[in-house]
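The structure appears right after this line, and notes come after that.
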Number of protein chains: 2
Amino acid sequence: MTHPLFHPDAEEISLPAILTALGDETRLNIIAILARNGERAMTCGQFLELGSKTALSYHVAKLREAGVINVRPDGTKRLLTLRRVDLEGRFPGFLDSIIASANTIPLRENPIAANAADPAGETEWT
Amino acid sequence: MTHPLFHPDAEEISLPAILTALGDETRLNIIAILARNGERAMTCGQFLELGSKTALSYHVAKLREAGVINVRPDGTKRLLTLRRVDLEGRFPGFLDSIIASANTIPLRENPIAANAADPAGETEWT
DNA sequence: TCCTTTGTTCAATGATCCTTGAACTATTGA
DNA sequence: TCAATAGTTCAAGGATCATTGAACAAAGGA
C-alpha cells in the first residue's frame, strides 16, 4: 500500500464540507443505513442497491474525505463506519438530527432501509 | 407582481435540499448572521461583504427555494428571516446544531460576524 | 496457479454550480 | 417628474459534480 486512505483529522472536519457531502440522496441513504446498523461496520457491497459499483466507490470516497465515515481495508473489502465520536465532538447534535430526519424518508426512496434496520442484527450479508 | 416569491410549504422542505443549500460558505455565513441577529429581519444589502449584489441575489434565492429562509418584499427591499419554526418542526435540533457550529467559524472566514453579533441591536445599517 | 470477489481508477459525458457584468424592474423620496 | 435605491434577470464563462463502462489491482479460496 503506497498511501493509506486519506481521512481528515477530527479537528479539520469542516461544516460546509460535511453539509456538501450529505446533500446528496445516495450519500444520505448510506449514512442513514450505517446509522441503523448500529456500531457494526458495513461493506460497500451492501449498498449496491443504491447505485453501481463505480458510483458507490465515488460516493464513499466523498464521505470519507469529508470526515463523515471511516474506511478500513479488510481483505478485498472495505469496512465502513460512521465517525460518530469525531462528529459529535466537533458538531454536537448534528449527526443525530440528520439521522433522525433521514429515517423519516419513505422506504420507496430508501430501498434497502428495511434490510438495514434488521433489529436482530443477524442478517447474512452475501 | 405576476407571481409572489416561491416558498416551499413546511412539510415539503427536503433534507437533501437543505443540506445542499447550506453546503456553501456564503450561504452558511448568511444564516449564521441571520441567527445572531435574533428575530430581526435583515435585508440582502446587509450581506454585501459576503459577495456582489448579483451573487447575493443568487444565494438568497437558493436559501429561499430550499425552505431555509423567508423573503418578504418591503418597498424596494427584501426582508429575510430564518424559518426557525418550520425547520424545527421538520428537522428537530438540526438548525440549532448548525448555527452553534457555524458560530465557531473563525472571524476571518466570517468577515461581518462581529457586526452581526451587535448585542445591543442598535447598529445603523447604511 | 487460477479464478473469484471486492473495490478502484480512468476518460468521457452531460448536468449543475457559482460568478460576473450589463441591462432591467420596481419603489421611494425630492 | 426625475433620480436614487434595492434587488432581479440574463447570457456567458469556467469549475465542479455524478454517472457510465472498460480496464485494472489486490486479496482469498479452490
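The values are calculated or read from the model by the stated rules, or taken from the named source; none is laboratory data. Source: prediction; values computed, not measured. A quick note on method: Cβ atoms are made from the backbone with ideal geometry, for glycine too, and the neighbour counts reach across all protein chains shown.
When the residues of the range B:24-45 are narrowed to those that are in contact with a helix residue (DSSP H, G or I) (Cβ under 9 Å, 6 or more places away or on another chain) and near DNA strand D (Cβ under 9 Å from one of its atoms), which ends up farthest from the other protein chains (Cβ to nearest Cβ)?
The selected residue is B:45.
Residues are listed down the side, and each one gets a yes or a no for (1) more than 22 Å from residue A:19 (Cβ to Cβ); (2) more than 11 Å from DNA strand C (Cβ to nearest atom):
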| position | (1), (2) |
| --- | --- |
| B:8 | no, yes |
| B:17 | no, no |
| B:21 | no, no |
| B:24 | no, no |
| B:51 | no, no |
| B:59 | no, no |
| B:73 | yes, no |
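Just one of (1) surrounded by 14 or more Cβ atoms within 10 Å (Cβ to Cβ); (2) modelled with pLDDT under 95; (3) of a type in the set (A, V, I, L, M, F, W, C) trips up residue B:1, so point out which.
Among (1) surrounded by 14 or more Cβ atoms within 10 Å (Cβ to Cβ); (2) modelled with pLDDT under 95; (3) of a type in the set (A, V, I, L, M, F, W, C), residue B:1 violates only (1).
Inside the range B:51-75, can you point out the residues that are within 28 Å of residue B:9 (Cβ to Cβ) and part of a helix (DSSP H, G or I)?
Passing the criteria: B:55, B:56, B:57, B:58, B:59, B:60, B:61, B:62, B:63, B:64, B:65, B:66.
Yes or no: the range B:51-59 includes at least one residue that is among the polar types (S, T, N, Q) and within 14 Å of chain A (Cβ to nearest Cβ).
Looking through the range B:51-59, none of the residues is among the polar types (S, T, N, Q) and within 14 Å of chain A (Cβ to nearest Cβ).
Pairs, please: C-beta under 6 Å, at least 6 apart or cross-chain, first residue closer than 18 Å to residue A:70 by Cα and of a type in the set (Ser, Thr, Tyr) and in the range A:40-51, second near DNA strand C (Cβ under 8 Å from one of its atoms) and modelled with pLDDT of 95 or more?
Listed by first residue and then by second, the contacts come to A:43/A:77.
Before we move on, is residue B:20 closer than 21 Å to residue B:87 by Cβ and either assigned to a loop (DSSP other than H, G, I, E, B) or of a type in the set (Val, Ile, Thr) (or both)?
Here the answer is yes, as residue B:20 does meet what is asked.
Give the residue, chosen from B:48, B:80, that is surrounded by 15 or more Cβ atoms within 10 Å (Cβ to Cβ), within 13 Å of DNA strand D (Cβ to nearest atom) and more than 12 Å from every other protein chain (Cβ to nearest Cβ).
That would be B:80, the only listed residue that is surrounded by 15 or more Cβ atoms within 10 Å (Cβ to Cβ), within 13 Å of DNA strand D (Cβ to nearest atom) and more than 12 Å from every other protein chain (Cβ to nearest Cβ).
Can you tell me which residues in the range A:81-124 are at pLDDT below 50 and among the polar types (S, T, N, Q)?
The answer is A:110, A:115, A:123.
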